[in-house]
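The values are calculated or read from the model by the stated rules, or taken from the named source; none is laboratory data. It should be emphasised that the depicted structure is a prediction, and the values quoted were computed from it without experimental measurement. Methodologically, a virtual Cβ is constructed for each residue, glycine included, from the backbone with ideal geometry; neighbour enumeration extends over all protein chains shown.
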Amino acid sequence: MSTATDGYYIPHEAKWPIVGSIGLFVTFMGLGSWLNGSGVGEITFYAGLAIMVFMLFGWFATVIKESQSGAYNGQVDTSFRMCMSWFIFSEVMFFGAFFGALFYARQFSGPWLGGEGAGGADVTNAVLWSGYNYVWPTDGPANVGGGFQPMGWFGLPLINTLLLLTSGFTCTVAHHAIKDGDQKKMVRWLGATVALGFIFVACQAFEYYEAYAHLGLKMSSGIYGSTFFMLTGFHGFHVCMGAVMLFVVMLRGMKGHFTAENHFAFEAAAWYWHFVDVVWLGLFVFVYLF
Amino acid sequence: MSQVDTSHDAHHGDHDHHGPAPGLMRWITTTNHKDIGTLYLWFSLIMFFIGGGMALIIRAELWAPGIQIVDPMFFNSMTTMHALVMIFGVVMPAFVGLANWMIPMMLGAPDMALPRLNNWSFWIMPFAFTILLSTLFMDSGGPAGGWTMYPPLVLQMGDSFAFVVFAIHFMGISSVMGSINIVATIFNMRAPGMTLMQMPMFVWTWLITAFLLIATIPVFAGAVTMLLTDRFFETSFFSAAGGGDPVMYQHIFWFFGHPEVYILILPAFGIISHIIPTFSRKPLFGYDSMVYATASIAFLSFIVWAHHMFTTGMPLAAELFFMFSTMMISVPTGVKVFNWVSTMWRGSMTFETPMLFAIGFVVMFTIGGLSGLMLAITPADIQYHDTYFVVAHFHYVLVPGAIYSLMAACYFWIPKWTGNMYDEKLGKMHFWISTIFVNVLFFPMHFVGLAGMPRRIPDYSLQFADWNMIATIGAFGFGFSQLMFVYIIFKCIKGGEKATGEVWEGARGLEWTVASPAPYHTFEESPTITPNTVTR
């Protein structure tokens with residue numbers, strides 16, 4: 001390693017990035033073949049994921065070791081903070097695409113298919129989809145997926161909202177604990193946060209089971225099923241990632257890695273967790289409530 | 001190894017002059033911004049010839065009416081792949097390469113903010129393009145529905161569909177990581193004392209470009225993910241029968257796609273804003289207005305996307321809104337063009353190769369900009385839509401626009417990279433031959449386009465034959481003259497007149513204060529910047 005004279009840490013000879021590239025390459029090639037029905041695709045996909053996990057372990061271990069040795073100064077810390085914030089912004093935009101699809105379908109394409117609006121929508125409706133009246137939720141004029149009942153907001157979704165909001169609270173308590181230098185308290189409250197996160201995912205899985213088994217609500221249930229499963233599915237995936245991040249931070253807390261001044265790993269994971277939380281609120285309002 | 005080795009430190013003091021690792025591992029494991037910049041630039045040069053080869057296949061087929069060389073499906077996959085390779089494999093990586101090489105030196109920084117991430121951003125590219133190009137060798141052939149991948153056509157593609165989607169995800173990861181790194185470098189790594197308004201224009205334009213990338217690439221990733229689920233998991237995002245809408249894909253795609261075209265041109269504006277002042281021996285005219293114009297273009301780029309979709313039957317209010325917002329872009333772009341011209345006004349100008357390419361850029365990019373203004377007029381666009389006029393328009397802004405800026409940048413900075421001057425005589429020849437052929441290639445496309453020749457079709461009506469033949473002559477002339485560029489680069493790397501640190505008489509900025517060739521590590525000790533330091 002070496003640092004510039006003013007102390008900015010500049011690593012040398014990084015071996016993990018190429019491992020990551022190979023891992024992603026194998027993952028994508030495997031998934032592509034799997035989707036096309038090739039037998040080796042599935043195995044290749046899991047092999048790729050294994051390489052990715054190996055890479056993430058190795059890369060993070062290196063960074064943690066460097067951090068513990070005190071190689072990073074305040075300026076490096078600022079770089080990390082900026083990167084994490086911009087990464088979260090990119091995730092916001094990613095969800096934005098799916099929310100955009102939801103709003104577009106509800107505000108524009110649905111009413112047009114139902115014959116509302118100027119520019120000949122009524123003719124399109126009469127000629128192509130005669131008799132179709134647009135009401136959200138819909139599985140479209142062709143009743144794609146064969147009819148369904150929408151997921152109500154009361155019950156599991158409301159419980160899930162409370163679970164995530166509570167986890168936001170426990171996460172903040174953990175943050176205050178580490179700011180006071182109380183690492184044991186931090187670990188306890190983080191444990192609660194991670195547990196709430198996984199209970200959320202379990203509830204979500206049960207909700208999917210309910211949807212498929214009792215409501216007839218499937219990914220193939222027209223635009224409602226598409227947006228419902230795409231938004232909640234990607235959100236659930238992000239909850240899992242956030243919970244894993246917090247879990248790693250918790251393990252590091254048990255090893256005593258953090259101080260009142262130096263705990264950016266905690267903050268990065270917490271930022272991510274709050275981001276996931278806010279996305280859920282958007283989901284709750286626009287997917288479930290209205 | 002990127003492990004902490006404190007004993008190593010003890011031997012060498014608090015900073016060592018770590019040279020590159022030996023052999024191939026140097027390039028695979030490097031964290032040095034100059035090495036990574038070099039890798040990006042070579043990658044993009046190789047892809048330039050691959051994408052160029054595809055263009056020549058297209059032009060060879062269009063040499064005469066009728067089907068003569070390739071079958072129509074392969075022709076369509078050539079137009080699709082040519083676009084994907086040139087956009088994502090040539091212009092974007094080349095600009096990232098220049099950003100890697102130049103931004104730390106322009107800011108007086110020791111390296112990029114996150115060197116390991118920087119390595120990963122590059123080393124994704126060869127793998128991503130292996131996936132993309134491999135689709136050409138699959139039984140079903142490569143993607144053939146156009147680079148915009150509109151459903152429902154794209155969903156009818158064969159087995160290569162999933163691989164194209166994943167190649168896009170893969171490249172997107174690289175772009176987002178690279179952009180985050182650039183933003184962090186610009187905000188956090190400036191030499192102490194350097195204010196934002198002291199930054200060179202190339203840095204400013206890249207800052208704004210990086211923001212555009214972070215904001216739009218994830219949207220593109222979302223759009224192709226929805227295509228993937230529509231194809232494999234029975235969703236109905238883009239199917240009217242299920243309540244979705246194929247046009248919705250176009251909205252989401254162009255929300256990414258329009259900022260993307262500014263991603264391809266804003267760094268070019270930055271480069272030109274360095275070269276014209278240097279060879280006019282005057283500071284850039286209207287620096288502040290350049291910064292604000294760049295920011296305005298970036299903002300406007302988010303509210304003009306549907307001008308690509310005037311013929312889809314949008315409501316009238318939307319057509320009018322997107323027409324006027326598109327026309328507004330010509331205001332900040334005009335500010336830029338007038339500033340470049342004003343910089344040259346009464347300058348003591350000389351016309352070395354970079355300056356020739358820069359002036360060529362200003363003239364020919366403006367031609368492309370004006371045809372863009374024509375296309376912005378909704379009622380007129382209904383006539384022009386999907387004709388060769390559109391092809392002429394975006395090739396004028398991308399080839400004598402973005403590509404010329406890259407050529408200019410290479411000639412401008414190669415003495416700093418190699419320590420040798422390139423062959424000026426050959427460079428000038430390269431410019432003039434390219435400029436003649438590029439106009440022979442693209443100018444006739446305006447005529448056939450206005451006369452109604454559709455794009456992306458291997459055959460055409462007899463009346464378009466003459467101009468197509470001329471365009472094909474231009475294409476082969478332009479394509480083969482780029483071999484000169486490769487020769488000039490190799491010659492310059494091998495030797496040549498030694499360059500001074502300043503290189504150009506009118507050079508301004510920190511990158512010219514270091515030796516030529518630039519040492520492996522520059523600015524390990526931060527330079528001191530005062531309000532009077534010339535940094536731009």
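For residues in the stretch A:105-120 being free of Cβ contacts under 8 Å to residues at least 12 places away in the same chain and surrounded by fewer than 18 Cβ atoms within 10 Å (Cβ to Cβ), which is farthest from the other protein chains (Cβ to nearest Cβ)? Per the criteria, the residue is A:Q107. On the stretch given as the stretch B:222-237, residues that are within 7 Å of chain A (Cβ to nearest Cβ) and either under 14 Å from A:G100 (Cβ atoms) or free of Cβ contacts under 8 Å to residues at least 60 places away in the same chain (or both) total 9. Only one entry in B:G172, B:G145 is small (G, A, S) and away from chain A (no Cβ under 13 Å), namely B:G145.
Condition test on B:S325, is it more than 20 Å from the chain's Cα centre (by Cα) and at pLDDT 95 or above?
Details: more than 20 Å from the chain's Cα centre (by Cα): yes; at pLDDT 95 or above: yes.
Taking the combined requirement at face value, the residue satisfies it.
Please work out if B:I46 is out of contact with any Leu (no Cβ under 8 Å at 6 or more places or on another chain), among the hydrophobic types (A, V, I, L, M, F, W, C), free of Cβ contacts under 8 Å to residues at least 12 places away in the same chain and at negative phi. Yes; evaluated as a whole, the condition is true for this residue. Name every residue in the stretch A:121-153 that is more than 8 Å from chain B (Cβ to nearest Cβ) and under 30 Å from A:D277 (Cβ atoms), in order of residue number. Answer for the stretch A:121-153, where residues must be more than 8 Å from chain B (Cβ to nearest Cβ) and under 30 Å from A:D277 (Cβ atoms): A:W136, A:P137, A:F148, A:Q149, A:P150, A:M151, A:G152, A:W153.
Residue by residue, here is whether (1) within 20 Å of A:F266 (Cα to Cα); (2) among the hydroxyl-bearing types (S, T, Y) holds:
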| position | (1), (2) |
| --- | --- |
| A:Q75 | yes, no |
| A:S79 | yes, yes |
| A:F87 | yes, no |
| A:F98 | no, no |
| A:G115 | no, no |
| A:G119 | no, no |
| A:V127 | no, no |
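Scanning the stretch B:322-338 for residues that are without any contact (Cβ under 8 Å) to a residue 60 or more places away in the chain, touching a helix residue (DSSP H, G or I) at 6+ places or on another chain (Cβ under 8 Å) and part of a helix (DSSP H, G or I) yields B:F322, B:M323, B:S325, B:T326, B:M327, B:M328, B:S330, B:V331, B:P332, B:T333, B:V335, B:V337. Name every residue in the stretch B:175-220 that is more than 12 Å from chain A (Cβ to nearest Cβ) and not in a helix (DSSP H, G or I), in order of residue number. Passing the criteria: B:G193, B:M194, B:T195, B:M199, B:P200. Scanning the stretch B:21-42 for residues that are in contact (Cβ under 8 Å) with a residue 40 or more places away in the chain, in a helix (DSSP H, G or I) and at the interface with chain A (Cβ under 9 Å from one of its Cβ atoms) yields B:I28, B:T29.
Summed over the stretch A:190-223, residues that are part of a helix (DSSP H, G or I), over 20 Å from the mean Cα position of the chain (by Cα) and buried (at least 24 other Cβ atoms within 10 Å of the Cβ) total 2.
Evaluating A:V187 against the criteria (1) of a type outside the set (D, E, K, R); (2) more than 21 Å from A:L162 (Cβ to Cβ); (3) within 14 Å of chain B (Cβ to nearest Cβ); (4) assigned to a helix (DSSP H, G or I) leaves one unmet condition, (3). May I ask you to say which residue of B:M102, B:M112 is within 13 Å of chain A (Cβ to nearest Cβ), buried (at least 24 other Cβ atoms within 10 Å of the Cβ) and not charged (D, E, K, R)? Just one listed residue meets the conditions, B:M112. Residues in the stretch B:488-508 include none that are under 21 Å from B:T31 (Cα atoms), touching a Phe, Trp or Tyr at 6+ places or on another chain (Cβ under 9 Å) and of a type in the set (A, V, I, L, M, F, W, C). Of all residue pairs spaced 6 or more apart or on separate chains, those with beta-carbon atoms under 6 Å, a first member in the stretch A:208-221 that is under 13 Å from A:T232 (Cβ atoms) and a second member that is of a type in the set (S, T, N, Q) are A:M219/B:T235. So how many residues does the stretch A:71-104 have that are within 7 Å of chain B (Cβ to nearest Cβ), of a type in the set (A, V, I, L, M) and farther than 12 Å from B:I180 by Cβ? Residues flagged as within 7 Å of chain B (Cβ to nearest Cβ), of a type in the set (A, V, I, L, M) and farther than 12 Å from B:I180 by Cβ within the stretch A:71-104 amount to 4. If I ask for residues that are closer than 13 Å to A:V187 by Cα and of a type in the set (D, E, K, R), which ones from the stretch A:250-277 would you list? Residues satisfying the conditions are A:R252, A:K255. Considering only the stretch A:37-58, I want to know if a residue exists there that is within 9 Å of chain B (Cβ to nearest Cβ) and either assigned to a helix (DSSP H, G or I) or within 30 Å of B:N32 (Cβ to Cβ) (or both). For the stretch A:37-58, residues within 9 Å of chain B (Cβ to nearest Cβ) and either assigned to a helix (DSSP H, G or I) or within 30 Å of B:N32 (Cβ to Cβ) (or both): absent. Pull up the stretch B:116-142, narrow it to residues that are facing another protein chain (nearest Cβ under 9 Å) and of a type in the set (S, T, N, Q), then point me to the one that is surrounded by the fewest Cβ atoms within 10 Å (Cβ to Cβ). The residue in question is B:T130.
The residue of the stretch B:340-358 that is surrounded by the fewest Cβ atoms within 10 Å (Cβ to Cβ), among those that are more than 22 Å from the chain's Cα centre (by Cα) and part of a helix (DSSP H, G or I), is B:V341.
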